[in-house]
């Protein structure tokens, strides 16, 4: 991805709203050679009208941590979900995925992703996304408590909470989540947090996994 | 909209409008959800109202825009807090030292202006990360290495200005020391170039550091006297080969001679790679193996070994030492690395062994002999930064694992500098472990080893966790300040710290009734009379706030 050979035209993309672009197109890539070294700064989210209505979210990729069964189930379901997004399996470290794929796209204002990883991996992605004025727009922490139970701590806009909430209520929630995330619109504005209990524990680890969308 | 302290909403609105005229409306951020991106992800004030937060953020794209922003801030008396990419995690992140400041985000200034392969230097803007510079070099197949910290997502300039360090050779590990020339926007908006850059059409700005006359670069690091908009760095010519070996020693008393020998070899440049000291018998890994330990677990330990460790004092008991000798577990293990032509580094390794062989029972092992350049795809078999390759694997260290069942919500680095002697390692462990026990702090609970980022001194870098519990965080913050003061009484000081601790740290640097602090304040009053530049950073407050705080 860093050979400078990829990529299409998107110099004009720098002039359009980054978030709109990110949400409406996944085609984008940019000739880094055409813009010189380093990232192309993208237009900021602030250009969005404050009360923007929900926009469709086109995901570039689903990312999952193959070390965890729930995340693997998420990945298998993501591959089958009605979506144009690809999938990427990682094992904790996102250096390669980020530097080879995500960084060039994020520099160009593209590359919204969804995923299920550890909280630390999401922390890394979130910090890197900030460099491109992107952020976590949907976050679901799947915290295990007791012997069998999971609580889902869902932070998103209100309409999204309702949409994701039904997937989380399902017994096989990891397999339901990719389609729900892919179908979600993106609504600008305040986020709410809701905690949902679940008695279905698909994970076989004590690791707290997190599902998310970064756009 | 949040407001800077002492600035009316109408004045602030005018300032914001003027910022927007300079950079464009889309690059001025005032909505909470945008400004919150500049909170400190590891804030020790998690869930507390004292958390340091910005009022707004503005992202200029050029030096000229930075100058205009600074002039507006001066006119409107709006405090600015410039950041490069804001990755100073564990030391304050991207949050301002003075709550309500406007964060000046420089990440749009991301041009790599020059990488000179022939004389191994670079000139970059503050938004350039180690990854950016590394990829730029890789894409062009230039035969130079960067020296990067762990993780490598931060700004090359930002890390140097915060005096960060890396893992290659001694000439390059100290990132501020390896810089050469700066361009600075002063608090009045004037543009300054340091070193040879002060000569119009300078021919050696990145090749000779000090120019002529007072060399002022140092005052722009860990300070608030200007905004660096360009900075030069010396790079390492790509070495032909890499050799890593260990020196293992079996007796507690070998620590002093080991450090003394290392000092000689490093100061004589017989070894120049990152020296990494471990204590296998005390269960303390080398830094280069920490992420591997985290991913796969530490070496197994017998019950007998664990029990002996539990009863050891300052990492020692005769029984523990005898157990180590019997079980073949080194008390100390020094990892040495060498970069250069194969025949040269083999000779250096031979010379190093000859010197360490004066310590009875020293054992040697070659861990890696690598012909360079390495395939970047295979770099993860090593601690990547030691090969000049940036990585994000360091963040696996805090993950929840069977051997780390309760990961923290972040951390504050406690990082005192102590002398490069074996005695200092033991004395620092004695002083800080006693204090930490008394303060109920989770530091120095087992024998801890320092790191060798800098030549001629040691640095301990220990994480104090940030938790979900405000009461615990408060106790840790207070304990942290007391540890700083205790270190100061022993002549040790922190090398870098988060804003919440900057006053405590600078109070330690108190020779001659705080002459250094007064000098900083004299400079501040002269250079930044309105006090708009990063007020409070490293406890340098402008006069109007200083008087309020005293």
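Key figures for this structure:
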read-out	value
Criterion: more than 14 Å from chain A (Cβ to nearest Cβ), surrounded by fewer than 19 Cβ atoms within 10 Å (Cβ to Cβ) and either at negative phi or touching a helix residue (DSSP H, G or I) at 6+ places or on another chain (Cβ under 9 Å) (or both) - qualifying residue of B:433, B:446	B:446
Residues that are facing another protein chain (nearest Cβ under 7 Å), free of Cβ contacts under 8 Å to residues at least 60 places away in the same chain and more than 11 Å from residue B:115 (Cβ to Cβ), drawn from region B:133-154	B:135
Subset of region B:146-199 (residues that are surrounded by fewer than 20 Cβ atoms within 10 Å (Cβ to Cβ) and either in the same structural domain as residue B:73 (by TED's automatic domain parsing) or out of contact with any helix residue (DSSP H, G or I) (no Cβ under 7 Å at 6 or more places or on another chain) (or both))	B:163, B:171, B:174, B:177, B:190, B:192, B:193, B:198, B:199
Close pairs from region B:205-218: first modelled with pLDDT under 95, partner surrounded by 12 or more Cβ atoms within 10 Å (Cβ to Cβ), Cβ under 6 Å, at least 6 apart	none
Number of positions in region B:80-107 that are within 11 Å of another protein chain (Cβ to nearest Cβ) and either in a helix (DSSP H, G or I) or surrounded by fewer than 24 Cβ atoms within 10 Å (Cβ to Cβ) (or both)	2
Among the residues listed as B:454, B:413, the single one being outside any loop (DSSP other than H, G, I, E, B), under 17 Å from the mean Cα position of the chain (by Cα) and in contact (Cβ under 8 Å) with a residue 12 or more places away in the chain	B:413
Tally of residues being in a loop (DSSP other than H, G, I, E, B) and under 15 Å from the mean Cα position of the chain (by Cα) across region A:57-80	4
Conditions (1) within 19 Å of residue A:177 (Cβ to Cβ); (2) surrounded by 24 or more Cβ atoms within 10 Å (Cβ to Cβ); (3) away from chain B (no Cβ under 14 Å); number of the one not met by residue A:69	(2)
Residues of region B:500-528 satisfying the condition of being within 26 Å of residue B:185 (Cα to Cα) and either in contact with a strand residue (DSSP E or B) (Cβ under 7 Å, 6 or more places away or on another chain) or without any contact (Cβ under 8 Å) to a residue 60 or more places away in the chain (or both)	B:503, B:506, B:516, B:517, B:518, B:519, B:521, B:522, B:525, B:526
Restricting region B:206-220 to residues that are in contact with a strand residue (DSSP E or B) (Cβ under 9 Å, 6 or more places away or on another chain) and surrounded by fewer than 19 Cβ atoms within 10 Å (Cβ to Cβ), the residue that is farthest from residue B:363 (Cα to Cα)	B:216
Region B:23-47, residues that are more than 10 Å from every other protein chain (Cβ to nearest Cβ) and under 15 Å from residue B:101 (Cα atoms)	B:35, B:39, B:40
Helices (runs of 4 or more DSSP H) enclosed by region A:92-200 - at least 1 residues per element that are free of Cβ contacts under 8 Å to residues at least 60 places away in the same chain and crowded, with 21+ Cβ neighbours inside 10 Å	A:119-130, A:158-169, A:173-183
Residue list for region B:9-22, restricted to those being free of Cβ contacts under 8 Å to residues at least 12 places away in the same chain and within 12 Å of another protein chain (Cβ to nearest Cβ)	B:20
Subset of region B:457-469 [in contact (Cβ under 8 Å) with a residue 60 or more places away in the chain, surrounded by 15 or more Cβ atoms within 10 Å (Cβ to Cβ) and more than 17 Å from the chain's Cα centre (by Cα)]	B:466, B:467
Index of the failed condition, residue B:359 passing every other in (1) within 14 Å of chain A (Cβ to nearest Cβ); (2) over 28 Å from the mean Cα position of the chain (by Cα)	(1)
Residue satisfying condition, being in a helix (DSSP H, G or I) and either in the same structural domain as residue B:45 (by TED's automatic domain parsing) or on the phi > 0 side of the Ramachandran plot (or both), within set B:544, B:520, B:514	B:514
Extreme residue, surrounded by the fewest Cβ atoms within 10 Å (Cβ to Cβ), among residues of region B:367-401 that are facing another protein chain (nearest Cβ under 8 Å), part of a loop (DSSP other than H, G, I, E, B) and modelled with pLDDT under 80	B:400
Those residues of region A:128-154 which are more than 12 Å from every other protein chain (Cβ to nearest Cβ), in contact with a helix residue (DSSP H, G or I) (Cβ under 9 Å, 6 or more places away or on another chain) and at pLDDT 90 or above, in sequence order	A:138, A:139, A:140, A:141, A:142, A:152, A:154
Region B:113-143, residues that are over 21 Å from residue B:197 (Cβ atoms) and outside any loop (DSSP other than H, G, I, E, B)	B:129, B:130, B:131, B:132, B:134, B:135, B:136, B:137, B:138, B:139
Filter result for the condition that a residue is modelled with pLDDT of 95 or more, under 25 Å from residue B:93 (Cβ atoms), more than 14 Å from every other protein chain (Cβ to nearest Cβ) and out of contact with any helix residue (DSSP H, G or I) (no Cβ under 9 Å at 6 or more places or on another chain), over B:53, B:66	B:66
Tally of residues being assigned to a helix (DSSP H, G or I), at pLDDT 95 or above and within 19 Å of residue B:127 (Cβ to Cβ) across region B:8-34	5
The lone exception for residue B:119 - which of (1) over 23 Å from the mean Cα position of the chain (by Cα); (2) at negative phi; (3) within 14 Å of chain A (Cβ to nearest Cβ) it fails	(3)
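The values are calculated or read from the model by the stated rules, or taken from the named source; none is laboratory data. Note that this is a predicted model, so its numbers are computed, not measured. Glycine also receives a Cβ, built like all others from the backbone with ideal geometry; neighbour counts cover every protein chain displayed.
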